[in-house]
Amino acid sequence: MGVISPDSETILNTFLTMVKIDSPSGGEEAMCAWLQSQVNNLGLSSTIDSGGNLIVEIPANQCTHGSTLVFSGHMDVVPPCHGIKPSVSGEGDERLVVSDNTTVLGADDKAALAPILEAIRLSIQHNLPRPKTRLIFTTREETFLGGAKDLTDKTLDADFAVTFDHTGRQGTIIQRAPSYVEFNIECRGKSVHAGIMPEKGVNAIVFASKVIDRMNLGRINEETTANIGFITGGKGTNVVPDLATIRGELRSHSEEMLNQQLASIQRILDDEKANMPGVDYNFNHHYEFHRYDIDPASLGVRRVMESAERVQIEPRLTKTNGGSDNNVFMRRGLKGIVMGASFMEPHSLRERVLVSEMNRCGQFVSSLLECFAREPF
Ligand SMILES: [Zn+2]
């Protein structure tokens with residue numbers, strides 16, 4: 001039996017309505033209220049948790065097992081995202097939605113939320129088989145997964161999660177993502193007048209630059225990258241600076257390599273401190289999220305592959321070097337994957353999405369519901 005096709009005009013109109021609702025990270029209330037009104041109209045029960053996340057429970061139908069499936073996406077949009085004016089160009093399947101080039105489009109991640117809503121509506125309206133399903137629409141994903149970090153254990157008590165939140169066509173399946181460590185090095189020297197007694201000063205910027213010069217940056221190996229994103233310091237051209245701050249990040253799919261990089265930075269700091277009397281530093285780091293790597297042979301992933309093939313979507317397992325709410329889910333014991341949500345060039349003024357791809361996303365969600373209804377997972 002084929003999957004009932006979602007209505008592409010409904011998906012498009014839902015999408016256009018959503019991108020016109022401002023929802024910057026931390027300011028998702030209007031978006032959340034609109035989504036809640038939509039699921040209320042379907043007769044579903046929903047709650048908004050203390051992190052502002054919208055949680056929707058959809059009862060199982062024609063399903064004999066008790067496993068719970070999660071569909072997830074985020075409600076926030078990166079700046080500039082106020083007063084988004086979408087426009088649709090082209091014909092039929094090739095229709096493309098773009099912004100007016102003064103803002104992002106917000107297809108990341110509303111191009112996922114619209115098809116999910118439509119697939120759920122179809123499932124209810126046509127009384128189709130589905131497992132117990134929970135929608136988790138998060139806040140502040142773009143600011144280090146803030147909303148997901150606030151989710152309760154009860155919300156995350158499910159058996160498999162499918163997060164639609166990656167660039168790429170339908171069929172892109174992310175099964176591996178890195179850990180992310182942010183670091184901060186405060187370099188301290190001694191301020192003096194640069195012209196009158198420079199020999200009495202200790203230049204914190206010179207120390208910082210020696211350290212950066214020796215650091216391993218860029219793509220370190222296939223698993224690991226490093227970057228310096230900020231350097232600040234100095235008070236005036238006539239002052240030897242007593243403070244310089246370096247901020248950067250490390251990403252790796254290997255915890256061991258991350259630790260090696262942190263140890264390497266530590267060694268450089270100690271070496272350079274020994275070479276420059278009077279200098280000192282504070283080196284801090286913290287994890288924003290942790291890596292995951294889900295076995296492609298696991299039941300949930302296999303079921304996702306079957307669901308794709310059932311609607312003629314070619315599944316492509318791949319890895320990412322970015323984070324998503326799935327990093328939080330996996331860390332907290334909810335297995336899951338991330339899937340392509342059709343948007344192209346996210347986080348840019350050229351962000352765009354094909355109407356046909358959003359429609360295929362809706363078909364994919366419908367197929368997932370029916371495949372996951374068959375057996376426990
Ligand atoms: Zn996103």
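Some observations on this one:
- Taking each DSSP H run with n ≥ 4 as -39500 (n - 2.57) and averaging over every residue of the chain yields -10000 deg cm²/dmol at 222 nm.
- Surface calculation, 1.4 Å probe, protein heavy atoms: Val211 sits at approximately 0 Å² accessible.
- On Cα atoms only, tilt of 299-310 relative to the major axis of the chain in degrees: 60 degrees
- Exposure check, 1.4 Å probe, all protein chains in place: Tyr287 carries approximately 70 Å² of accessible surface.
- Using alpha-carbon coordinates, inclination of helix 29-41 to the longest axis of the chain, degrees: 20 degrees
- With 21 Å as the limit, the listed pairs Lys110/Lys154; Lys154/Lys335; Lys20/Lys319; Lys20/Lys110; Lys110/Lys132 have Lys110/Lys154; Lys20/Lys319; Lys110/Lys132 beyond it between alpha carbons.
- Ranked by solvent-accessible area (1.4 Å probe, protein heavy atoms only, all chains present), the residues Asp270, Asp157, Asp242, Asp165 order from largest to smallest as Asp157, Asp270, Asp242, Asp165.
- Cα long-axis angle, helix 204-214 against the chain (0 to 90 degrees, to the nearest 10): 60 degrees
- Pairwise centroid distance, computed over Cα atoms, of region 138-200 with region 9-27, Å: 25 Å
- Residue ranking by accessible heavy-atom surface, 1.4 Å probe, largest first, among Glu306, Glu94, Glu223 comes out as Glu94, Glu306, Glu223.
- Relative contact order %, region 229-355, counting alpha carbon pairs below 8 Å whose residues are six or more apart: 15 percent
- Cβ crowding within 10 Å averaged over residues, with 67-73, 290-296 ranked highest first: 67-73, 290-296
- Lysines whose Cα lies under 28 Å from that of Lys200, excluding same-chain neighbours fewer than 8 positions away: Lys190, Lys210, Lys235, Lys273
- Size of region 179-289 from its Cα atoms: along the principal axes, largest to smallest, the extents are 51, 24, 20 Å.
- Accessible area in the full protein assembly, largest first, 1.4 Å probe, for Val88, Val239, Val181: Val88, Val239, Val181
- The alpha carbon convex hull volume per residue for region 230-377 rounds to 156 Å³.
- Carbon and sulfur %, accessible surface of region 179-289 computed with the full protein complex present, 1.4 Å: 49 percent
- Between region 208-241 and region 40-105, the alpha-carbon center distance in angstrom: 39 Å
- Of all accessible heavy-atom area on region 1-139, the percent that carbon and sulfur account for (1.4 Å): 52 percent
- For the chain, accessible area per residue (1.4 Å probe, heavy atoms of protein chains only), Å²: 42 Å²
The values are calculated or read from the model by the stated rules, or taken from the named source; none is laboratory data. Given the structure is predicted, the values throughout are model-derived calculations rather than measurements. Cβ sites come from the backbone with ideal geometry, for glycine too, and all protein chains shown count toward neighbours. Accessible surface is based on the protein model in full, side chains and every heavy atom, while ligands, DNA and RNA are left aside. Shrake-Rupley method; radii C 1.70, N 1.55, O 1.52, S 1.80 Å.
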